[in-house]
Amino acid sequence: MSQWMTLLQKEMVEMWRNFKWIWVPITFILIGVQQPISSYYLPQILDSVGNLPEGAVIKIPTPSAGEVLAQGLGQYTTLGVLIIVLSTMGIIAAERKSGVAAMILVKPVSYGFYVTAKWVGSLLLLWFSFLIGSLSTWYYTGILFDWIPAADFFQSYFFYGLWFSVIVTITLFFSASLLAPGMAGFCSLAVVIVLSLVSSSLSNVFEWSPAQLTAYANEILVNSGIPDGTLPASLIAAGVILLLLSLSVFIFKKKELAS
């Protein structure tokens, strides 16, 4: 276990040296605050644009706090996903390409320890960054609109985080399978986009898809209740994570021993 903790500590230090502990949380905060602020000042923004006929009046219904917060967290499903993939795609592939992985694995280091330490380090960065980012969204929504109950917020945060954990694991899998970080990132984004599009387009068929967790999380914020498909989707997401993590260790070990 001490060997695994050493590898995790090395991963955390490496992310600090690459400034990931700085730029990723800051970027998540910027993503989080833009929706409630833009929603609140939208009438003033439209009015300042001008070029409207004289006497024209634009009436924009004021969105509920739940809708604003759901829209704010929804921003992470686009820009947030891109940041997650970009910050994770080279986690193994880059070290394999540079020879760092070979130097570490020359020692009696478990392949499973090596991969899972990187996975846990990435998840810690993700959950921390998403926490302060979503807290920023929640805070500004409460200040400008109304306060969402903390229980609803943290439930929504958890299910969003679970889907993002699936994305991290998908990226880790491709990073362990491919030598080029760019190709690993491209394949990860392609899989996530296809899965999201198919799940949203055929929501009745894929109601237990892990990609539906964000929709269920938004329903919690708007309707203050956990949808029926949330638990099965969460269990499948956990199963997908365990499967991909096991495959990542197996494929990485096989490729390293073959090289």
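State, as an integer percentage, the relative contact order of region 2-258 based on alpha-carbon contacts under 8 Å between residues 6 or more apart.
RCO, region 2-258: 26 percent.
Extension gain A151-F250, at 0.36 nm per residue separation less the Cα-Cα distance, in nm?
31.7 nm
Please turn the phi angles of region 226-240 into ³J(HN,Hα) values with the Karplus equation 6.51 cos²θ - 1.76 cosθ + 1.60 (θ = phi - 60°), one per residue in order, whole Hz, x for glycine and proline.
My calculation for region 226-240 gives 7, x, 5, x, 5, 5, x, 5, 5, 5, 5, 4, 5, x, 4 Hz in order.
Within a 10 angstrom radius of the beta carbon, how do K10, K20 rank from fewest other beta carbons to most?
K10, K20
When Rg is the radius of gyration of the Cα atoms in the chain and Rh is its Kirkwood radius, what does Rg/Rh come to?
Here the Rg-to-Rh quotient is 1.05.
If you filter region 55-135 for trypsin sites (Lys or Arg not before Pro), then keep DSSP loop positions with at most 15 other Cβ within 10 Å, what is left?
K59
Return the tail of the calculated pair distribution for region 126-202, meaning the percent of Cα-Cα pairs more than 18 Å apart.
Of all Cα-Cα distances in region 126-202, 56 percent exceed 18 Å.
Just from the alpha-carbon atoms, what are the Rg and Dmax of region 77-219 in angstroms?
Final numbers for Rg and Dmax: 17.4, 57 Å.
For E219, E67, which order do you get if you count the other beta carbons within 10 Å of each Cβ and list the fewest first?
E67, E219
Give the long-range amide H neighbours of G90: residues separated by 5 or more places, or on another chain, with amide H under 5 Å away, using H modelled in the peptide plane at 1.01 Å from N.
Under 5 Å from the amide H of G90 lies no amide H from a residue far enough along the sequence or on another chain.
Across region 137-151, in residue order, what do the Karplus-derived ³J(HN,Hα) couplings come to in whole Hz, using 6.51 cos²θ - 1.76 cosθ + 1.60 with θ = phi - 60° and x for Gly and Pro?
Rounded to whole hertz, the list is 4, 4, 5, 5, 5, x, 5, 8, 10, 7, 8, 7, x, 4, 4.
Just so you know, all these numbers are worked out from the coordinates, no wet-lab data involved. Worth saying up front: this structure is predicted, and the values here are computed from it rather than measured. Reconstructed Cβ throughout: ideal geometry from the backbone, glycine too, with neighbour counts over all protein chains shown.
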